[in-house]
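Before any comments, here is the structure.
Read-outs: derived from the displayed coordinates by stated rules, not from any lab. In this text, all values refer to a predicted model and were calculated from it rather than measured experimentally. Neighbour counts run over all protein chains shown; Cβ positions are idealised from the backbone, glycine included.
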Amino acid sequence: MMDVDDRAASTLAKLELVKEIKCKTMQMLKMKERLLDEIENCRKEERCLQDYRSEMELLMQEKMAHVEELRQIHADINAMESVIKQAEQTRTRSVDTAKRLHQEFGPVKAEVDRLRQACLGLERLPELHEEEPSIISSELFDQLPTWSHSHSQPQRDEVMQGMAYSQPPSAPQAAAAAFIMSQNPLAMMQSAAAAKQQQDRQQQQQQQQQQQTPHLPPQPHGPTPPFRQQPPPMKSCLSCHQQIHRNAPICPLCKAKSRSRNPKKPKKKEQ
């Protein structure tokens, strides 16, 4: 009887062991399937990561190409601004020189016309706008703007008037006067008397202007140097290395977030 019970107990123990082995085996197979699935997912994600990284590299290359284009555009803009500034300065010098020569040309032509009519009986020479109508018009110098500084223009006009009064006659005027004087002594005497009267009249006009004009302190020579504003503090963008404002949160070129190298530490709360 005892042998039967022992065999039955041994059989039950074996059955329990088989049951446990079956459960463990099924659990192991499920874990194996999950493990294989995770490994396959890992491989798939690795391939996807490679594709993503290659796409990211292409995007970074495209971004740097755009940044380089923006740099080139900014450089071209700066160069064009410099060219425009130089052209404006050249135009200003040309306008001032043209006005000065026009002011000097008027008295010389008037004197030549007077000598031609008084001494030789010739007609006056044509005006500039009559001689060169395609280049010079009668309203040209009235339409030309004044590009020089306002505080230096009156001083320049006074200097030009003084030069017009005190400047000796030019070469064509002196040659015409010498020719007329050598041909007719009476004309020489008339010309000398007329020149003396004109000189006396100019001296009287200068004295009247000096008496009527209040005395002004002498102005400093040359324009006042412009005020130079101090440039704002700048820093280099960590992404595109472009110079941006120190407090800019985002780079305006590459749109990358700008992080401060020395961030502010949070204040400790008082307990």
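Compute the separation of the alpha-carbon centres of the range 95-125 and the range 18-47 and state it in Å as a whole number.
Result: 111 Å between the Cα centres.
Under a crude label model (7 Å from the Cα following the beta-carbon direction), how far is Met234 from Val108 in nanometres?
Between Met234 and Val108, the label points sit 5.0 nm apart.
Using 0.36 nm times the number of residues separating Gln206 and His74, minus their current alpha carbon distance, what extension gain do you get? Don't skip to the answer; put the middle values down first.
On the way: separation 132, 0.36 × 132 = 47.52 nm, distance 5.57 nm.
Using 0.36 nm per residue and subtracting the Cα-Cα distance, I get 41.9 nm.
How would you rank Asp37, Asp113, going from fewest to most other Cβ atoms within 10 Å of each one's own Cβ?
Details: Asp37 10, Asp113 14.
Exposure proxy ranking, most exposed first: Asp37, Asp113.
Which GluC sites (Glu not before Pro) in the range 87-132 pass both tests, a DSSP loop state and at most 15 other beta-carbon atoms within 10 Å? Write out the running numbers ahead of the final one.
Numbers: sites: Glu88, Glu104, Glu111, Glu123, Glu127, Glu130, Glu131; in loops: Glu123, Glu127.
Those satisfying the criteria are Glu123, Glu127.
Calculate one ³J(HN,Hα) per residue across the range 244-250 by plugging θ = phi - 60° into the Karplus curve 6.51 cos²θ - 1.76 cosθ + 1.60, and present them in order as whole Hz with x for glycine and proline.
Values, residue by residue: 10, 5, 5, 9, 6, x, 9 Hz.
From the C-alpha coordinates alone, can you work out the Kirkwood hydrodynamic radius of the range 1-69, in Å? Before the final figure, lay out each step's value.
Details: mean 1/r = 0.0577 Å⁻¹.
Evaluated on the range 1-69, it is 17.3 Å.
What list of ³J(HN,Hα) values in whole Hz, one per residue of the range 38-52 in order, does the Karplus curve 6.51 cos²θ - 1.76 cosθ + 1.60 (θ = phi - 60°) give from phi, with Gly and Pro shown as x?
5, 5, 5, 5, 5, 5, 4, 5, 5, 5, 5, 5, 4, 5, 5
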